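These notes are about the structure you will find just below.
The values are calculated or read from the model by the stated rules, or taken from the named source; none is laboratory data. Model, not experiment: these values are computed from the prediction. Cβ placement follows ideal geometry from the backbone for every residue including glycine, while neighbour counts extend to all protein chains displayed. Note: accessible area is taken over every heavy atom of the protein model, side chains too, but ligands, DNA and RNA are not part of it. Shrake-Rupley method; radii C 1.70, N 1.55, O 1.52, S 1.80 Å.
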Amino acid sequence: PVKASDINSMDSPDGKLTLIMKTTKSNEQIAYSFSISEKEIFAKTVDSSTVISIPYNTWSPDNKYIFLKESGVVGVNYFVLSASKDSSLQNEQTVNISNLFAQKYPDLKIADVTGWGGIGLVIVNSTKSGREKGPSFWFEVPSAAFIQLSTHF
């Protein structure tokens, strides 16, 4: 089977770091590899119906974290990862926001993760059953806690 590779990137807000996404397609699978400063921080192989992307607002304001979006047949997952060059156990530093949200709020669904609301705070918009607009939350990365907001973003 022929392998095809692509490379995409996104610079941090201050331009000091670059997140690089390399995809390698083989048969019915796509291997994704994400690196910063030539150090791999996340890798995952998925079937060809699943896409992992770098959202526009992927970098946290302090360059400590990034978030990624995974879209597939079964739904959408959002991951937050440490961007630290010193991370040795990256899988322990990968947080699946979607799974945590579903456990804490089984009556709501994530509509979108729009980006960073501040240092360590990811904005999560939700929907109620019937696609009615639900509340917005901050996901506080260091504590992995959701904080419901009084306004919808």
Which one of these is within 16 Å of Ser82 (Cα to Cα) and open to solvent by 30 Å² or more (accessible area, probe 1.4 Å): Thr58, Thr18? Thr18
Being open to solvent by 20 Å² or more (accessible area, probe 1.4 Å) and polar (S, T, N, Q) is the filter; apply it to the stretch 80-89 and report the residue that is modelled with the lowest pLDDT. Ser88
Would you mind listing the strands (runs of 3 or more DSSP E) fully within the stretch 26-74 where at least 2 residues are more than 15 Å from the chain's Cα centre (by Cα)? 29-36, 39-47
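Here's the yes/no breakdown for (1) hydrophobic (A, V, I, L, M, F, W, C); (2) surrounded by 13 or more Cβ atoms within 10 Å (Cβ to Cβ); (3) over 28 Å from Pro142 (Cα atoms):
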site	(1), (2), (3)
Ile7	yes, no, yes
Pro13	no, yes, no
Tyr32	no, yes, no
Thr45	no, no, no
Ser53	no, yes, no
Asn63	no, yes, no
Glu70	no, yes, no
Scan of the stretch 101-114 for residues that are surrounded by fewer than 17 Cβ atoms within 10 Å (Cβ to Cβ) and part of a strand (DSSP E or B), ordered by number: Asp112, Thr114
Checked the stretch 117-126 for anything open to solvent by 20 Å² or more (accessible area, probe 1.4 Å) and in contact with an Asp or Glu (Cβ under 9 Å, 6 or more places away or on another chain); matches are Ile119, Leu121
Can you pull out every residue in the stretch 127-153 that is open to solvent by 10 Å² or more (accessible area, probe 1.4 Å) and either among the hydrophobic types (A, V, I, L, M, F, W, C) or touching a residue at least 40 places away in the same chain (Cβ under 8 Å) (or both)? Trp138, Val141, Ala144, Ala145, Phe146, Ile147, Leu149, Phe153
Collect the residues in the stretch 115-146 that are touching a Ser or Thr at 6+ places or on another chain (Cβ under 9 Å) and assigned to a loop (DSSP other than H, G, I, E, B), keeping them in residue-number order. Ile119, Gly120, Val141
